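Undergrad: Just dropping this structure here.
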Amino acid sequence: MAHPYRSHTCGALTKAEVGQTVRLSGWVHRKRDHGGVLFVDLRDHYGITQIVADDDSPALAILDGLRLESVVTIDGVVKARNDATVNPNLATGEIEVFARSAEVLSRAEELPMPVAGEQEYPEDIRLRYRFLDLRRDTLHANIVTRTKIISDMRRRMEGAGFTEYSTPILTASSPEGARDFLVPSRIHAGRFYALPQAPQQYKQLLMVAGFDRYFQIAPCFRDEDPRADRLPGEFYQLDLEMSFVTQEEIWETMEPVIQGVFAQFADGKPVTPAGEFRRIPHAQAMLDYGTDKPDLRNPLIIRDVTEHFIESGFGIFAGIVGNGGVIRAIPAPGAGAGSRKFFDEMNNWARGEGYSGLGYINIKDGVPGGPIAKNHGEEKTAALIAALGLGPDDGVFFAAGKEEQAAKLAGAARIRVGEQLDLIDRDRFELAWIVDFPFYEWDEDNKKVDFAHNPFSMPQGGMEALEGQDPLTLKAYQYDLVCNGYEIASGSIRNQSPELMV
């Protein structure tokens with residue numbers, strides 16, 4: 001007995017099935033009327049098959065009367081397309097199905113938004129009609145890819161000796177840095193469960209119980225505002241713990257997993273090889289890139305040039321240095337050969353970002369120009385240019401101020417210069433560990449030393465460092481994994497010593 005809905009999917013038919021009678025079910029994706037011959041693209045989860053109906057087919061009147069996104073079952077015969085009409089972009093592009101009959105399973109009304117064509121539509125309409133939005137090719141492919149990535153992660157983690165354990169969702173509140181979502185208890189009036197911001201407490205119970213290598217594709221719930229790279233409310237993360245290991249062992253274990261997932265789904269784009277992830281100390285990252293999540297595809301390196309402006313003829317910078325500030329230089333290779341417009345636009349951009357401005361020197365045919373070069377002095381400017389290794393048609397921008405402010409401006413300027421001068425190779429994934437995070441930082445608002453990340457990590461140097469070292473020089477066994485300017489993972493060695501914790 002024939003299947004009531006389909007003998008094949010809409011992505012399965014090839015020349016091998018030419019001449020066969022088949023049954024397909026799917027959504028009417030597109031229609032093209034060629035005067036007595038109707039072409040319909042029939043879509044399902046697996047692909048698209050072109051359906052043809054003409055005056056000889058009873059299916060013509062039925063299909064002609066349907067709106068896009070109606071659901072229909074087609075019985076027909078597979079025919080080969082001629083060479084001129086083959087569609088190389090479709091898996092089924094060498095064949096078409098001549099419709100003998102059609103049965104309407106669900107008739108669509110006029111659509112509030114189109115599915116075919118991928119047009120941009122307002123987000124409120126897309127969310128209101130999410131069932132239509134999810135039919136669009138890009139979103140459909142994204143969700144399928146997400147599922148494949150999670151499956152690939154699980155396989156790689158199990159191959160590395162990890163076992164997946166599920167932890168509770170209804171839990172007690174634990175401090176994680178964001179607000180909890182609360183669920184009222186039916187049994188205990190006036191009391192609440194919290195949804196986990198991360199599986200922190202439960203996974204550590206597992207480790208204390210001796211489970212050794214734990215992982216989970218864990219749902220996390222955080223009542224925080226949306227960010228450019230994170231939706232509000234909830235997200236999933238690859239969560240893991242390891243027993244009796246050093247920081248180095250964690251990196252060596254996870255690099256093949258992360259690199260392998262990237263390489264599998266990078267569409268052929270180069271990915272930093274496992275074993276070659278750079279390990280950049282936090283202080284070096286802040287100096288060289290002005291951020292703890294640098295985009296290493298950008299070749300620009302920030303340089304500290306504070307010493308060049310001690311007693312400089314350029315009074316603004318000399319004053320900043322005299323008051324304990326710093327000067328950071330961001331090179332702009334080749335920018336001096338153009339007009340001053342680029343330099344003025346960068347300065348205006350910095351002001352638009354809330355800074356007082358972005359100084360610069362533009363070098364044209366080997367001659368430095370601009371107010372800084374003019375006032376700094378010919379000899380000192382030449383020494384500065386030589387120290388930075390600038391060429392005869394390069395430029396350089398300067399971020400000045402207190403160290404944190406100057407680093408932040410320099411980091412943002414490095415990104416913008418790299419983008420404006422098209423220096424960033426967007427067709428690769430550059431992965432690196434940022435290591436040696438500071439354990440403490442100065443809280444300017446409350447005028448006190450406070451934890452930079454969390455107090456539960458192991459301080460480098462242990463009790464001796466805690467008792468005998470300036471707190472602001474203390475490093476932690478904490479690290480982030482960054483890719484192309486985004487923090488994609490973070491972790492630490494746990495402090496398992498009560499004495500150290502106290």
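The values are calculated or read from the model by the stated rules, or taken from the named source; none is laboratory data. Not measured: the values here are computed from a predicted model. All Cβ positions, even for glycine, are placed from backbone atoms using ideal geometry, and neighbour counts span all protein chains on display. Note: areas computed on protein heavy atoms with side chains; ligands, DNA, RNA excluded. Shrake-Rupley method; radii C 1.70, N 1.55, O 1.52, S 1.80 Å.
Undergrad: Using θ = phi - 60° and the Karplus form 6.51 cos²θ - 1.76 cosθ + 1.60, what ³J(HN,Hα) does each residue of segment 467-476 get, whole Hz, x for Gly and Pro?
TA: These are the phi-based 3J(HN,Hα) values: 8, x, 10, 4, x, 6, 9, 6, 9, 10 Hz.
Undergrad: Then there's this: Considering amide H positions built from the backbone, and no H for Pro or chain starts, which residues 5 or more places from GLN237, or on another chain, come under 5 Å of its amide H?
TA: ALA218, CYS220
Undergrad: If you consider only alpha-carbon coordinates, what radius of gyration and Dmax does the chain have, in Å?
TA: Final numbers for Rg and Dmax: 30.6, 94 Å.
Undergrad: Here is a follow-up. Hey, got a sec? Which trypsin sites (Lys or Arg not before Pro) in segment 230-323 land in a DSSP loop and have at most 10 other Cβ atoms within 10 Å? Please report the intermediate quantities before stating the final value.
TA: Details: sites: ARG230, ARG278, ARG279, ARG297, ARG303; in loops: ARG297.
Answer in residue order: no site qualifies.
Undergrad: Let me cross-check TYR121: its accessible surface, 1.4 Å probe, with only protein heavy atoms counted, in Å² to the nearest 10?
TA: Counting only protein heavy atoms, TYR121 exposes about 80 Å² to solvent.
Undergrad: For segment 185-228, just say rounded, prolate or oblate: build the C-alpha gyration tensor, square-root its eigenvalues into a ≥ b ≥ c, call rounded for a/c under 1.5, and beyond that prolate if a/b exceeds b/c, oblate if not. Numbers along the way, then the final one.
TA: On the way: a/c = 3.55, a/b = 1.25, b/c = 2.84.
In terms of gyration-tensor shape, oblate.
Undergrad: Now for a different question. Given the DSSP H assignment, sum -39500 (n - 2.57) over each helix run of at least 4 residues in the chain and divide by its residue total; what's the result at 222 nm in deg cm²/dmol, nearest 500?
TA: On the way: 14 runs with 141 residues, N = 502.
For the chain, the value works out to -8500 deg cm²/dmol.
Undergrad: While we're looking at this one, here's another question. Run the reach check for LYS15 against lysines, Cα to Cα strictly under 19 Å, same-chain hits fewer than 8 apart removed. What comes back?
TA: LYS79
Undergrad: Which value results for Rg/Rh of segment 277-417 when Rg is the Cα radius of gyration and Rh the Kirkwood radius based on the inverse mean 1/r?
TA: Reported Rg/Rh (Cα atoms, Kirkwood Rh): 0.94.
Undergrad: Right, another one. Please list 3J(HN,Hα) in residue order for segment 11-24, calculated via the Karplus relation 6.51 cos²θ - 1.76 cosθ + 1.60 where θ = phi - 60°; whole Hz, with x for glycine and proline.
TA: Each residue of segment 11-24 in turn: x, 9, 6, 9, 4, 5, 9, 4, x, 7, 8, 10, 10, 10 Hz.
Undergrad: Calculate the tail of P(r) for segment 200-294: the fraction of all Cα-Cα distances greater than 21 Å, expressed in %.
TA: On the way: 2559 of 4465 pairs.
Roughly 57 percent, rounded to a whole number.
Undergrad: With loop defined by DSSP as not H, G, I, E or B, and exposure as at most 13 other Cβ atoms within 10 Å, which is the longest segment of the chain clear of exposed GluC sites (Glu not before Pro)?
TA: Numbers: sites that count: GLU109, GLU110, GLU118, GLU120, GLU224, GLU276, GLU311, GLU353, GLU444.
The longest such stretch corresponds to 1-108.
Undergrad: Which of GLN200, VAL326, ILE169 sits farthest toward the positive end of the charge dipole of the chain, with +1 on the Cβ of Lys and Arg and -1 on the Cβ of Asp and Glu?
TA: ILE169
Undergrad: At 1.4 Å probe radius, can you tell me the per residue accessible area of the chain in Å²? Present the calculation step by step, with values, prior to reporting the outcome.
TA: Details: 27410 Å² over 502 residues.
I get 55 Å² per residue for this part.
Undergrad: Taking amide hydrogens as modeled 1.01 Å from N in the peptide plane, which residues meet the under 5 Å criterion relative to ALA432, leaving out close sequence neighbours?
TA: Correct list: VAL482.
Undergrad: With the dipole of the chain worked out from charges on the C-beta (+1 for Lys and Arg, -1 for Asp and Glu) around the Cα centre, which of PHE215, VAL97, VAL144 lies farthest toward the positive end?
TA: Farthest towards the positive end: VAL97.
Undergrad: Oh, and also: Give a residue-ordered list of calculated ³J(HN,Hα) values for segment 34-50 (Karplus: 6.51 cos²θ - 1.76 cosθ + 1.60, θ = phi - 60°; whole Hz; x for Gly, Pro).
TA: The phi angles translate into 10, x, x, 10, 10, 9, 10, 8, 9, 10, 9, 4, 9, x, 10, 10, 7 Hz.
Undergrad: Leaving out ligands, DNA and RNA, and with a 1.4 Å probe, what % of the accessible surface on segment 1-70 is carbon or sulfur? Let's see the in-between values first.
TA: Numbers: 1930 of 3640 Å².
Summing carbon and sulfur atoms, their accessible area is 53 percent of the total for segment 1-70.
Undergrad: Same structure, new question: Restricting attention to segment 86-173, which trypsin sites (Lys or Arg not before Pro) occupy a DSSP loop and are surrounded by at most 14 other Cβ atoms within 10 Å? Before the final figure, lay out each step's value.
TA: Values: sites: ARG100, ARG107, ARG126, ARG128, ARG130, ARG135, ARG136, ARG146, LYS148, ARG154, ARG155, ARG156; in loops: ARG107, ARG135, ARG136.
Passing sites in segment 86-173 are ARG107.
Undergrad: Now, a different point. When only Cα pairs under 8 Å and 6 or more residues apart are kept, what is the percent relative contact order across the chain? Don't skip to the end; give the middle numbers.
TA: Working: 901 pairs, mean separation 45.9, N = 502.
Averaging sequence separation for qualifying contacts and normalising by length gives 9 percent for the chain.
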